Amino acid sequence: MCLEECDEEMSGGEAEPSAPMLAMSAALKDLKKRTETHAAVPLRHVQKMHDMSVGMGAVCAKGEAAKATPAEDLAKAATAQSEALTKLQTELSATQERLKKLESQPAPSKTVLRVLAKTADNGGQEPAVKLDPVYDAMGKVDPIATVLKAIHAQGGRPLVE
């Protein structure tokens, strides 16, 4: 806009434009040229990025997809969300039915079964192991031989539980 005013002023009624007016006009023309150059640079980069993306396999929106209006896009998105919501509601109701069935079943028993030996039938006390002492050649009690004899008599079961 300033450039247009400068041009009008220069072509207007004055015979000779003043030196400051010429300097300002030249500066504005230079600024306009630089602005156009800098504005074109990002567009070149965007186009280059687009071309590289298409080269790597990206699909460019052409035809009907490129002409779609925001209202059509919103309608498509709303339809997709509605379908997804319907699917989630169906899954939720199925999950709630399964939960009701599980809750209606009786809880498993919390008791622990234990296998008892036949000797536990009389109150759980096994008869005390009778240790017959084993004597060595000197007539003294041999404790190791006594314990071994008791283990063999028990059939390999431990003497103390």
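Answer with yes or no whether Ala94 is of a type in the set (Gly, Ala, Ser) and modelled with pLDDT of 75 or more. Before you say what the answer is, go through the steps one by one.
Numbers: of a type in the set (Gly, Ala, Ser): yes; modelled with pLDDT of 75 or more: yes.
Spelling it out, Ala94 is indeed of a type in the set (Gly, Ala, Ser) and modelled with pLDDT of 75 or more.
Yes/no matrix, rows are residues, columns are (1) farther than 27 Å from His50 by Cα; (2) among the aliphatic types (A, V, I, L, M); (3) at pLDDT 80 or above:
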{"position": "Lys62", "(1), (2), (3)": "no, no, no"}
{"position": "Ala68", "(1), (2), (3)": "no, yes, no"}
{"position": "Ser82", "(1), (2), (3)": "yes, no, yes"}
{"position": "Gln89", "(1), (2), (3)": "yes, no, yes"}
{"position": "Leu99", "(1), (2), (3)": "yes, yes, yes"}
{"position": "Leu102", "(1), (2), (3)": "yes, yes, yes"}
Which numbered condition trips up Lys29, out of (1) surrounded by 10 or more Cβ atoms within 10 Å (Cβ to Cβ); (2) under 52 Å from the mean Cα position of the chain (by Cα); (3) modelled with pLDDT of 75 or more? (2)
Those residues of the range 36-57 which are modelled with pLDDT of 75 or more and of a type in the set (Val, Ile, Thr), in sequence order: Val46, Val54
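The values are calculated or read from the model by the stated rules, or taken from the named source; none is laboratory data. A quick note: this is a predicted structure, and the numbers were derived from the prediction, not measured. Every residue, glycine among them, receives a Cβ derived from its backbone with ideal geometry; neighbour counts consider all protein chains shown.
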